[in-house]
Amino acid sequence: MDIRPVNKINGHIENIEVCDGLSIASVRADANLLLKAIVIETPETVPYLKIGHKITLVFKETEVIIATGDVLSISLQNKIPASIQNLTIGKLLCRLELNTSVGKVVSIISSNAVKQLGLTKGTSVTAMIKLNEVMLSEI
């Protein structure tokens, strides 16, 4: 089994909102995908928080939430359209390898959730990550 401790998506910073020592960085991963991360830094305190700067978004497999159908009415801002490329089913947990426009994303969810959602290889899903679960790393 291919084991990656974290998911990584490359992009460039398109916008930065700053307030009270915190920043929300909007990162353009591709033409149709804008992802966000909250950072306990500002452009004044770290050099990588600059518009246009290339960056890698990093997040754990266990932080990727899976949904089927319409997910417009939810507070999660990071929504990545995907299809299930591979599904490894365990007694308690399942590992989903997702095919997205920006490469493979891996999610680990409960086996009960896989059963409840009726997930199988090829199912179209939306992968979602809370912006406070995404870290930024310089390229």
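Answer yes or no: is there a residue in segment 11-24 that is part of a loop (DSSP other than H, G, I, E, B) and over 15 Å from Met135 (Cα atoms). Yes: segment 11-24 contains one or more residues that are part of a loop (DSSP other than H, G, I, E, B) and over 15 Å from Met135 (Cα atoms). With respect to the conditions (1) of a type outside the set (Gly, Ala, Ser); (2) exposed (fewer than 13 other Cβ atoms within 10 Å of the Cβ); (3) within 26 Å of Gly21 (Cα to Cα), Met128 lacks only one, and its number is (2). For segment 92-126, the set of residues classified as over 30 Å from Ala31 (Cβ atoms) and within 20 Å of the chain's Cα centre (by Cα) consists of Leu93, Cys94, Ser110, Ala113, Val114, listed by residue number. Here the condition is being within 15 Å of Val6 (Cβ to Cβ), in contact with a Ser or Thr (Cβ under 7 Å, 6 or more places away or on another chain) and in contact (Cβ under 8 Å) with a residue 24 or more places away in the chain; of Leu98, Leu57, Leu117, it holds for Leu98 alone.
Quick grid of which residues meet (1) within 21 Å of Val134 (Cα to Cα); (2) assigned to a strand (DSSP E or B); (3) touching a strand residue (DSSP E or B) at 6+ places or on another chain (Cβ under 9 Å):
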{"site": "Tyr48", "(1), (2), (3)": "yes, no, yes"}
{"site": "Leu57", "(1), (2), (3)": "yes, yes, yes"}
{"site": "Thr62", "(1), (2), (3)": "yes, no, yes"}
{"site": "Leu76", "(1), (2), (3)": "yes, no, yes"}
{"site": "Ile80", "(1), (2), (3)": "yes, yes, yes"}
{"site": "Thr88", "(1), (2), (3)": "no, yes, yes"}
{"site": "Lys91", "(1), (2), (3)": "no, no, no"}
{"site": "Leu96", "(1), (2), (3)": "yes, yes, yes"}
{"site": "Lys104", "(1), (2), (3)": "yes, yes, yes"}
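Checked against the criterion of being under 18 Å from the mean Cα position of the chain (by Cα) and among the aliphatic types (A, V, I, L, M), the candidates Ile40, Ile80, Ile51, Ile89 yield just one match: Ile80.
Values in this text are rule-based calculations from the coordinates and carry no lab data. What you see is a predicted model, and the numbers here were worked out from it, not measured in a lab. Every residue, glycine as well, gets a Cβ built from its backbone with ideal geometry; the counts of neighbours run over all protein chains shown.
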